[in-house]
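Chemist: Questions regarding the structure given below will be posed in turn.
The values are calculated or read from the model by the stated rules, or taken from the named source; none is laboratory data. This is a predicted model, so every value here is computed, not measured. Positions of Cβ are backbone-derived with ideal geometry, glycine not excepted, and every protein chain shown enters the neighbour counts. For accessibility, only protein heavy atoms count, side chains too; no ligands or nucleic acids. Shrake-Rupley method; radii C 1.70, N 1.55, O 1.52, S 1.80 Å.
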Amino acid sequence: DDVVRRLAPETERIGFADVGGLDAVKQQIRRRIITPFQKPSLFERFRRKAGGGILMYGPPGCGKTLLARATAGECGAKFFNIAIEDVLDMWMGESERKLHALFDQARRSAPAVMFFDEIEALGGKREYSREATTSKLVSQFLAELDGFAQNNQGVLILGATNVPWAVDPAFRRPGRFDRVLFVPPPDQTAREDILRGLLKGRPLAAAVDIAGLARSTSAFSGADLRHLVDTAVDEAIDASLAAGDEVALGAEHLKAALSQVKPTTLEW
Ligand code: ATP
């Protein structure tokens, strides 16, 4: 199947340690998704039904996809990164079939994490939806999610959106995306954490002040910080080429990068 082949699962090697900050979100994912998966008998004893998904929302570039990947890594699960866009098809019934094939493949590959990005594109409130007749697809999605026909054991479901108010309320019922977590822009500590991760293993001048850099990047998303570091690294490479020798990444390169890269979380 076309979409299934294109969306072949990735085997993840990253874990929560690779995600800067977001301690509260990690804790919720651990408690709601990872622990029930690792200790099914405990949950059975307490007659606590495992399952149900988590919906993450927040400004772009702040780690929703990264967290989903890391969740797969933490449980040694296959990772399916699915954009609803890829499922939508102009032919009648074809989107439903693709969606079913994806769930089927994930069930066969269990343990698996299915991550649905831009979940608002699936139905949602009419003014936001891209197709007039997505309601069949929504019902199909809900049926797969509820695991009516097949058991979703070992299939962990995460969703993400930048526009939570556009998500179909039917998705929020118990056993579906019944937990909604805000993935905020990184605070000072998280930015230090992310910057440290991004700068690790590069030739860095001793005088670089990571805490200071974190303070001057207050509305930056994780993706913005990555862009910033990439830009500074390019500056250092250019300087090295000009000098004919390796020039360590220093404050001057970061300063030059800061004048080029602007934060994006303020517009959200
Ligand atoms: P979108 O809504 O645009 O899909 P997202 O919230 O899913 O955004 P990611 O794709 O997870 O964002 O983040 C983009 C990149 O930014 C990541 O691959 C990573 O390099 C960096 N990044 C974002 N947040 C973090 C974080 N908390 N820790 C480390 N890196 C981060």
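Chemist: Given region 53-108, what helices (runs of 4 or more DSSP H) lie entirely inside it while holding 2 or more residues that are within 13 Å of the ligand (Cβ to nearest atom)?
Modeler: 64-75, 84-87
Chemist: Within the set of pairs 6 or more residues apart or between chains, which connect a residue that is on the phi < 0 side of the Ramachandran plot inside region 168-179 to a residue that is in a loop (DSSP other than H, G, I, E, B) and among the charged types (D, E, K, R) with Cβ atoms less than 8 Å apart?
Modeler: Going by the 8 Å Cβ cut-off, the qualifying pairs are 168/125; 170/176; 172/178.
Chemist: Out of all the residues in region 222-229, is one or more part of a helix (DSSP H, G or I), without any contact (Cβ under 8 Å) to a residue 40 or more places away in the chain, open to solvent by 20 Å² or more (accessible area, probe 1.4 Å) and of a type in the set (D, E, K, R)?
Modeler: yes
Chemist: Tell me, which residue of region 234-254 that is among the charged types (D, E, K, R) and open to solvent by 70 Å² or more (accessible area, probe 1.4 Å) is farthest from the chain's Cα centre (by Cα)?
Modeler: The residue in question is 245.
Chemist: Regarding residue 257, is this residue open to solvent by 20 Å² or more (accessible area, probe 1.4 Å) and either among the small types (Gly, Ala, Ser) or under 30 Å from residue 67 (Cα atoms) (or both)?
Modeler: It is false that residue 257 is open to solvent by 20 Å² or more (accessible area, probe 1.4 Å) and either among the small types (Gly, Ala, Ser) or under 30 Å from residue 67 (Cα atoms) (or both).
Chemist: When you check residue 127 against the structure, is it outside any loop (DSSP other than H, G, I, E, B), at pLDDT below 90, open to solvent by 70 Å² or more (accessible area, probe 1.4 Å) and within 20 Å of residue 164 (Cβ to Cβ), yes or no?
Modeler: Here the answer is yes, as residue 127 does meet what is asked.
Each row is one residue, and each column tells you yes or no for (1) crowded, with 17+ Cβ neighbours inside 10 Å; (2) within 30 Å of residue 147 (Cα to Cα).
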{"site": "171", "(1), (2)": "yes, yes"}
{"site": "189", "(1), (2)": "no, no"}
{"site": "195", "(1), (2)": "yes, no"}
{"site": "209", "(1), (2)": "no, no"}
{"site": "216", "(1), (2)": "no, no"}
{"site": "220", "(1), (2)": "yes, no"}
{"site": "232", "(1), (2)": "yes, no"}
{"site": "262", "(1), (2)": "no, no"}
{"site": "267", "(1), (2)": "no, no"}
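Chemist: For region 21-48, enumerate the residues that are more than 17 Å from residue 69 (Cβ to Cβ), more than 16 Å from the ligand (Cβ to nearest atom) and either in contact with a Leu (Cβ under 8 Å, 6 or more places away or on another chain) or part of a helix (DSSP H, G or I) (or both).
Modeler: Of everything in region 21-48, those that are more than 17 Å from residue 69 (Cβ to Cβ), more than 16 Å from the ligand (Cβ to nearest atom) and either in contact with a Leu (Cβ under 8 Å, 6 or more places away or on another chain) or part of a helix (DSSP H, G or I) (or both) turn out to be 31, 32, 35, 36, 38, 40, 41, 42, 43, 44, 45.
Chemist: Somewhere in region 245-261, is a residue polar (S, T, N, Q), more than 22 Å from residue 58 (Cβ to Cβ) and at pLDDT 95 or above?
Modeler: Checked region 245-261: at least one residue is polar (S, T, N, Q), more than 22 Å from residue 58 (Cβ to Cβ) and at pLDDT 95 or above.
Chemist: So which of 207, 190, 223 is among the aliphatic types (A, V, I, L, M) and away from the ligand (no atom under 16 Å from the Cβ)?
Modeler: 207 is the lone residue from the list that is among the aliphatic types (A, V, I, L, M) and away from the ligand (no atom under 16 Å from the Cβ).
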